[in-house]
1. Answer with one residue from Val36, Ser119, Gly59: the one whose Cα lies farthest towards the positive end of the charge dipole of the range 1-144, charges on Cβ with Lys, Arg +1 and Asp, Glu -1.
2. Would you mind ranking Leu279, Leu9, Leu144 so that the residue whose beta carbon has the fewest other beta carbons within 10 Å leads the list?
3. With a ≥ b ≥ c the root eigenvalues of the C-alpha gyration tensor of the range 17-113, is it rounded (a/c under 1.5), prolate (a/b larger than b/c) or oblate?
4. Ranked by Cβ crowding within 10 angstrom, fewest neighbours first, how are Lys290, Lys259 ordered?
5. How big is the dipole moment of the range 17-113 about its Cα centre under a simple scheme where the beta carbon of each Lys and Arg is +1, that of each Asp and Glu is -1, and everything else is neutral? Debye, nearest 20, please.
6. Test of understanding: ordering Thr13, Thr202, Thr126 by Cβ neighbours within 10 Å, fewest first, what list do you get?
7. For the range 2-29 and the range 112-143, what is the separation of their Cα centres, given in Å?
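We did not get these values from a lab; they are worked out from the coordinates using the rules stated. On a predicted model such as this, the values are computed, not experimentally measured, just so you know. Glycine gets a Cβ as well: all are built from the backbone with ideal geometry, and neighbour counts include every protein chain shown.
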Amino acid sequence: MAKVKPAPLPPDTMIGGYRVLRKVAAGGFGVVYLAVDSAGQQVAIKEYLPASLTTRVPGALAPEVPPEKLSLYRLGLKSFFEEGRSLAQISHPSVVRVMNFFRENETVYMVMNYLEGASLQDFIITARDLKQAKVFRESTIRSLFDEILRGLRIVHQHKMLHLDIKPANIFITDDNKSVLIDFGAAREVLSKEGNFIRPMYTPGFAAPEMYRRDADMGPWTDIYAIGACIYACMQGYPPNEAPQRLEKDRIAIALKRLKGVYSDNLIEVVEWCMSLDPLSRPQSVFMLQKELSREGERRYTKLTAVEKVRLQFDTMVSDNKKAGSGVTAASGKGK
């Protein structure tokens, strides 16, 4: 029987001087509400509420935590609180702004500026369904990720990592600003301590080292995810998840199909970011920014007829193997 998710706070609940209007999103580690402050200004409030560690009946305020999970719950709570404190020190248009954070109801709440718009994932799905040669124009991709990398560079300068960069966590506002949202510090702490790593990460966007308990993580870990996001903007779908790539890496074949559609430079940037070896990736956001801004070196290599036949053959073989193993192209997950 599936575990029942803890109930969100009901509308009109008062927390920390804010009035909850409604739930807007929920994930494995928290719930996000639309709320208003005492002056009537709209804010987003994220509540630490890990579904794997807590329960809460409808109408209740405090989550219930089984005794055997209490130490792990508190560890994640501490990490979530420290994340709020660190983010509150960052002021950059491409990083979600934390305006306040407080403890109440035996949990922690993070108050952020409320953003109106849609996620990059929503835009990718819409663009993909148009079935054009290019999901996004190259100039759009470069401009979008130039903004995101400016924000990510500031995050890394504050000795923080995002650890859950994916199209769903890149928000495009109605005034065309791109913003990094939903940082994953608490998720990372719980995955290392709780021995349930796989459900923590989004397949396709998590770097290989995130699947190993003893691996070092750094800017190169977020950079892998940036490469995977650019890949999704080019292909319309996420890449295969890292464990599958370690067994049989098909990224090169997938990117080769895009020769002549996107520049050689952009394709090389994605391959560089998504190297399975962390040391072979850009080691800093600055290195990646420098390469991504090389506007004058765009070459478009068109495949010859022989190369197209070879690529089509390799693709058919690859797809047949996928079909035989029950793997879906969209998610990279098996049956």
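1. Working it through, the farthest residue towards the positive pole turns out to be Ser119.
2. Details: Leu279 7, Leu9 24, Leu144 20.
Going from sparsest to densest Cβ surroundings: Leu279, Leu144, Leu9.
3. Oblate shape, in that a/c is at least 1.5 and b/c is the bigger or equal ratio.
4. Lowest count first: Lys290, Lys259.
5. Using only the charged Cβ atoms, the result is roughly 140 debye.
6. Ordered by Cβ neighbours within 10 Å, fewest first: Thr126, Thr13, Thr202.
7. 28
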